[in-house]
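Peer 1: First, the structure itself, so that you have it in front of you.
The values are calculated or read from the model by the stated rules, or taken from the named source; none is laboratory data. Only a predicted model underlies this, so the values are computations on that prediction, with no experimental measurement involved. Don't worry about glycine lacking a Cβ; one is built from the backbone with ideal geometry, like all the others, and counts go over all protein chains shown. Just so you know, the surface numbers come from the protein's heavy atoms only, side chains and all, with ligands and any DNA or RNA stripped out. Shrake-Rupley method; radii C 1.70, N 1.55, O 1.52, S 1.80 Å.
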Amino acid sequence: MKLFTEAAEKTGFITQLQSPGFIGTVFAPTDDAFQFALDAANVTKKQLFSNNTLLVDVIMYHVVPGDAIATGRLRDDGRYTSMRGKALTISKR
């Protein structure tokens, strides 16, 4: 989660995620998953981190607004909608 946290800090989005009024669930990717996505897109970390608009989009893709989703309430292969309005399918492992 180091890369995701670094991205959230760079954009200032970390302040919103850590604020007492924030209501939502963050599905932060592992560093390996983050790097895999960069490699699959043929984009370097430096390229991504230099594009603040895209970086915010990546962060918001991993945040589901609304009541926090505790592990026990997580639906297996459940579908959720991210802050960007994108459909997410979450699988428990």
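Peer 1: How large is the Kirkwood hydrodynamic radius of the stretch 42-93, in angstrom, based on all distinct alpha carbon pairs?
Peer 2: It is 12.5 Å.
Peer 1: Give a residue-ordered list of calculated ³J(HN,Hα) values for the stretch 54-62 (Karplus: 6.51 cos²θ - 1.76 cosθ + 1.60, θ = phi - 60°; whole Hz; x for Gly, Pro).
Peer 2: 5, 4, 4, 4, 4, 5, 5, 5, 9
Peer 1: So which chymotrypsin sites (Phe, Trp or Tyr not before Pro) in the chain end up in coil per DSSP with only 16 or fewer other C-beta atoms within 10 Å?
Peer 2: Of the chymotrypsin sites (Phe, Trp or Tyr not before Pro), the ones in loops of the chain whose Cβ has at most 16 other Cβ atoms within 10 Å are Phe22, Phe27.
Peer 1: Work out the charge dipole of the chain with +1 on the Cβ of Lys and Arg and -1 on the Cβ of Asp and Glu about the Cα centre, then indicate which of Thr30, Thr81, Ile14 is farthest towards its positive end.
Peer 2: Farthest towards the positive pole: Thr81.
Peer 1: Go through Lys10/Lys45; Lys10/Lys46; Lys45/Lys86 and tell me which ones have a Cα-Cα distance over 18 Å in this structure.
Peer 2: The pairs that break the limit, which is 18 Å between Cα atoms, are Lys45/Lys86.
Peer 1: Still on this structure: Pop out the carbon and sulfur fraction of the accessible area of the chain as a percent, whole number, probe 1.4 Å.
Peer 2: Answer for the chain is 53 percent, counting heavy atoms of protein chains only.
Peer 1: What spacing in nm lies between the two simple spin-label points modelled at Asn51 and Ala33, each 7 Å away from Cα in the Cβ direction?
Peer 2: 2.1
Peer 1: Would you tally the net charge around Met1, using a Cβ to Cβ cut-off of less than 11 Å, leaving Met1 out, and scoring K and R as +1, D and E as -1?
Peer 2: Surrounding charge for Met1 is -2.
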